[in-house]
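One structure below.
Read the figures in this text as sums done on the coordinates, not as results from a lab. Since the model is a prediction, treat every value here as computed from it, not as a measurement. Glycine gets a Cβ as well: all are built from the backbone with ideal geometry, and neighbour counts include every protein chain shown.
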Amino acid sequence: MTLSRRKLLKSGAAASVLSVLGSLNPIAEAAAGEIRAHSLSDILSMSPADAAQESKAVQAAMDVINNAAASIQDAKVRAIVLEIIRNPAPTIAGADKESVTKALKAKGYIPESRESAYPVCESTTNAPQAFSSAPGSGYASHHAYPGGLATHVALNTLSIQDLLKNYNGVFDCALDADTAVAAELLHDLHKPWVFQWNKDNSSRREEPCAGTGEHHVLSIAESMKRGLPAKLVVAQACAHDHPGNPKSEASVVKWIDAASIFAGVDPVKAGYLAADKKTLPLPRGMEGFAVHLADHDFVLSAPACKWSVEALRQLAAQQYGIQNEKDFNAFRNYVLAQLTAMRLYAILSAQGKEAFAAEVARAVRN
C-alpha cells in the first residue's frame with residue numbers, strides 16, 4: 001500500500017502511514033482523525049476548559065487513565081485513585097496553613113519570602129479544575145496545553161505497564177503492579193491545583209518546594225492524606241529521582257519529609273522513611289525506580305512542545321493575523337489540545353513547515 005504525502009495530509013495522518021492502517025494508540029488515532037474545526041473567532045473566545053473538552057485526543061487519554069485505574073486489584077486503592085482522577089481536590093489545604101508554612105520555612109523547604117506554601121485554594125472538597133483540563137507542566141515546558149496532563153499521564157501509564165511486563169518477564173522481578181501503576185497515575189495529581197489558568201489564557205507559574213516543583217511535594221502529601229499504602233507513596237515520591245545513590249535518595253527523603261509536613265503525619269511511623277530519616281525503608285522497593293523511569297516523557301516532550309509553540313507563534317502571526325499574547329495563548333491552547341504538541345512536532349521535524357501549517361489548518365476553520 002502506497003500513499004502520497006498529499007493524501008496522508010488529507011487523511012490527518014501526516015506523521016505516519018501507521019495511523020492510516022489503524023495501528024496507532026487511540027490517543028494518536030483521535031488526534032489523526034476527524035476534528036471539528038472551529039473558526040478563529042470561536043477559538044479566541046474559548047476557555048482552556050472548553051479547548052480540552054473539544055479534544056478527542058484528551059478524552060482518549062482520559063480513557064487510558066481511567067481504564068488503568070480500574071485495573072488496580074486492591075479495592076481500596078482503586079477507589080481512592082479513581083476518586084482523585086474524578087476530582088483531584090486539595091484536601092491537604094484544610095490544615096493550618098500558617099503553621100505548615102512556618103514549618104517548611106524552618107527546614108529551608110520554601111523561601112522565607114513566600115507568604116504561603118499553598119497555591120490559591122477556594123475549596124478543599126472540589127478541585128479548581130478538572131484533571132482533564134490541566135496542562136502537563138508549566139507553560140514553557142512539556143504538554144503545556146489544556147489536557148496536556150491527561151496525555152502526559154496516559155503515556156507514562158502505558159510506559160509503566162510495559163516496564164512492569166519487561167522487568168517481570170525478563171528478570172522475574174515480581175514488581176507490584178498496583179503500587180507502580182497507581183503511583184504513576186497519581187504522580188502529578190495536583191497539577192490541576194498548581195497550574196490553574198490565568199486570565200490571559202496562560203497557566204500559573206509554579207513555585208519551588210524542597211528543591212523541586214511544588215506539584216510533586218503537594219501530590220505526595222495528598223496521597224499521604226488520603227491514606228494510600230506507604231509502599232505506594234514512596235514509589236510516587238521517586239517520580240522525580242531514584243534512591244539508587246545517596247545524593248538522589250536524599251532528594252526523595254527531603255520530598256517525603258516536606259510532604260509529611262503538609263499531610264500532618266510522622267514519616268517514620270507511617271512507614272515512608274527509615275527510622276534515622278536518612279533513607280527510604282530498607283530494602284528499597286523496585287517500584288519507585290520503575291515509576292522514575294516511566295516519568296521521563298519530559299525528556300522529549302518538553303523541547304518538542306517548546307519548538308511546536310515557536311512554530312505556532314510564527315504561523316499565528318503570518319497566517320491568522322494574531323498579534324497579542326492573550327489571543328495567541330487561546331489559539332495555542334486550542335490547537336495543541338486537539339492535535340497534541342508531540343504530534344505537531346513530529347510533523348514539523350519530519351516534513352517541515354508546510355505540512356505543519358496544513359495540520360494546524362485541520363483544526364482552524366477559515
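The value of relative contact order for region 145-302, using C-alpha pairs under 8 Å at least six residues apart, is 26 percent.
Given a cut-off of under 8 Å on Cα pairs at least six residues apart, what relative contact order in percent is computed for region 37-157?
Relative contact order of region 37-157: 29 percent.
Other residues within the sphere of radius under 13 Å centred on the Cβ of ASP42, judged by their own Cβ, net out at -1 (K and R +1, D and E -1). In the chain, the calculated helix contribution to ellipticity at 222 nm averages -17500 deg cm²/dmol per residue, counting -39,500 (n - 2.57) for every DSSP H run with n ≥ 4. Which aspartates and glutamates have a Cα less than 19 Å from the Cα of LYS225, not counting those fewer than 8 places away in the same chain? The qualifying aspartates and glutamates are ASP74, GLU83, ASP96, GLU98, GLU122, ASP178, GLU184, ASP188, GLU214, ASP257, ASP266. Helix 214-225 versus the longest principal axis of the chain: what angle, 0 to 90°, nearest 10, using Cα atoms? With both axes taken from Cα atoms, the answer is about 50 degrees.
The local environment of ALA130, defined by Cβ-Cβ distances under 13 Å, has a net charge of +1 under the rule Lys, Arg +1 and Asp, Glu -1.
Given a 10 angstrom Cα cut-off, can you work out which residue in GLU83, GLU34, GLU115 is the most mobile in a GNM of the chain? Ranking GLU83, GLU34, GLU115 by mean-square fluctuation puts GLU115 first.
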